[in-house]
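A short write-up of the structure that comes next.
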Amino acid sequence: MNIELPTGKNIALIGRNGAGKSTLLRIIGGIDRPDCGKVLTDKTISWPVGLSGGFQGSLTGRENVKFVSRLYAKECELTEKISFVEQFAELGKYFDMPIKSYSSGMKSRLGFGLSMAFKFDYYLVDEVTAVGDASFKYKCSKLFKSCHEDSNFLMVSHNLNSLKEYCNSALFIDRENKVTYFDSLNEALEIYKTSERLKSCL
Amino acid sequence: MARSGFEVQQAVIKALFFREIRTRFGKYRLGYFWAVLEPAAHLLVLLTIFGFVMHRTMPDISFPVFLLNGIIPYFIFSNISTRSVGAIEANQGLFNYRPVKPIDTILARALLESVIYVTVYILLMLVVYMSGEYFEITNLLKLVLSWSLLIILSCAIGLIFMVLGKTIPETQKFLPIFLKPLYFISAIMFPLHAVPKEYWPYLLWNPILHAVELSREAVMPGYISDGVSLEYLGLFTLLTLFIGLMLYRTREEAMLTSRLKLKT
């Protein structure tokens, strides 16, 4: 494929299961490498929002946050980032306990807070928008929207409503694994639905 | 303001270093103290067994000093190089963070192992000194240089192992088997001059033996090991580092590609 993505767009990646949406997302983000070819960009791109695969289970939440902050921020910003995540995730005393004692909800709170603590031009979002209980969900979506104002999203989701909420254009991977860019999300969704014969159920 | 590539790599190595030390020693009481205490205790037991129980002595060097200068360099080498074989798999989750490169995991580990073992070395040499054994650092430069070269060599071999281990997963099984005999041919338990001279040309291929014997020469006046040379160690290290970096450079992208192999 050879595709140019315009700057400053929020792009949804759509396609059936296993089409390679997440892989494409990871390749764009520079986390995975393509077998051949290149991704050229001068923007900063986040790790997948809410990722918890990089956490070390035997370390505490604070230590894990500190680790990622060391990777992405300057030494002098460390405390600021850590206290942001601590306040946002609302884990209380669990923030200083090993991650392996966390429930999955707590883990995703930490992961989400960690992603939001750093500023990127593009955020990669793979199937997560809101986690946790109702009040936390509300807080998440508020923060998510404010971050949406000055950054862009690249999004994979099967929840068409959240795609519509955050994105205005789309990359569509069809059954023949051909990737097409659409300037309008609705147009892409129409084609997606037709190709998957979903019209009747939606 | 964006950070330069060098600054990023420095930050990554530092982050990995602290993560590693936290993971390995953070859960114990006395924490980091164990980092030094564990290998120190291990070596003290060896010293006691060989030195005081078996009464091993040497004509030209105090036995504990002899053993310390052999076994610690060997531990540094084997700890850095063998762990690199599975470095990619062990750190898979970390490569989700884009600044982290495979080489950083090796450098961070090498830094940690070096700090630990150099501290242990200084500590135990002091203990040995206070218990009345004689040694004198006659050539500090030689000591520092041969240890530094050994550490660089270990990283270089680690790089080669990492690439091998990722390209051919089976190496993870058989490499440790090849590394074990190094313990017996690196002059750790015997001095080079105890070996008949006709076997020297074979033994002297081994750079670890050079590092070990050079380090003994540096701390014991009158201990002379003909045949070893700093030049050889330096040259070998340079060559290995070249091969290691070259392999790494060509395979870095491929190592980060998640490729699913079809089982046929």
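The values are calculated or read from the model by the stated rules, or taken from the named source; none is laboratory data. Computed from a predicted model, the values in this text were never measured in an experiment. Note that we place each Cβ from the backbone using ideal geometry, even for glycine, and neighbour counts take in every protein chain shown.
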Report summary line: How many residues of region A:25-43 are at negative phi, part of a loop (DSSP other than H, G, I, E, B) and either within 9 Å of another protein chain (Cβ to nearest Cβ) or of a type in the set (K, R) (or both)? The answer is 8
Query raised in the report: When the residues of region B:76-110 are filtered to those that are of a type in the set (F, W, Y) and crowded, with 20+ Cβ neighbours inside 10 Å, which remaining residue is nearest to B:A211 (Cα to Cα)?
Result: B:F77
Query raised in the report: Under 9 Å by Cβ, and 6 or more places apart or on different chains, what pairs join a residue from region B:30-46 that is closer than 18 Å to B:S78 by Cβ with one that is modelled with pLDDT under 85?
Result: B:A35/B:R24; B:A35/B:F25; B:E38/B:F25
Query raised in the report: Among B:I152, B:I208, B:I177, B:I122, which is assigned to a helix (DSSP H, G or I) and buried (at least 21 other Cβ atoms within 10 Å of the Cβ)?
Result: B:I208
Report task. Can you tell me which residue within region B:61-96, out of those that are closer than 22 Å to B:G165 by Cα and outside any helix (DSSP H, G or I), is modelled with the lowest pLDDT? Result -> B:G86
Query - Among the residues listed as A:G29, A:G18, A:G92, A:G105, the single one being surrounded by 14 or more Cβ atoms within 10 Å (Cβ to Cβ) and small (G, A, S) - result: A:G29
Query raised in the report: Any idea which of (1) in contact with a Phe, Trp or Tyr (Cβ under 7 Å, 6 or more places away or on another chain); (2) within 11 Å of another protein chain (Cβ to nearest Cβ); (3) among the acidic types (D, E) is the one A:E86 doesn't satisfy?
Result: (2)
Query - Criterion violated by A:F67 - all others in (1) part of a helix (DSSP H, G or I); (2) within 11 Å of another protein chain (Cβ to nearest Cβ); (3) modelled with pLDDT under 90 satisfied - result: (3)
**Report entry** Leading residue by the ranking (nearest to A:F144 (Cα to Cα)) among those in region A:70-83 that are touching a helix residue (DSSP H, G or I) at 6+ places or on another chain (Cβ under 6 Å) and either part of a helix (DSSP H, G or I) or more than 14 Å from chain B (Cβ to nearest Cβ) (or both)
**Finding:** A:K81
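Quick grid of which residues meet (1) among the hydrophobic types (A, V, I, L, M, F, W, C); (2) within 14 Å of chain A (Cβ to nearest Cβ); (3) on the phi < 0 side of the Ramachandran plot:
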| site | (1), (2), (3) |
| --- | --- |
| B:Y74 | no, no, yes |
| B:T82 | no, no, yes |
| B:E89 | no, yes, yes |
| B:F95 | yes, yes, yes |
| B:I103 | yes, no, yes |
| B:L111 | yes, no, yes |
Requested in this report: Within region B:3-30, track down each residue that is assigned to a helix (DSSP H, G or I) and facing chain A (nearest Cβ under 7 Å).
Outcome: B:A11, B:V12, B:K14, B:A15, B:R19, B:R22, B:T23
Query raised in the report: Which one of the conditions (1) over 19 Å from A:M106 (Cα atoms); (2) assigned to a loop (DSSP other than H, G, I, E, B); (3) more than 8 Å from chain B (Cβ to nearest Cβ) does A:S46 fail to meet, given that it meets all the rest?
Result: (2)
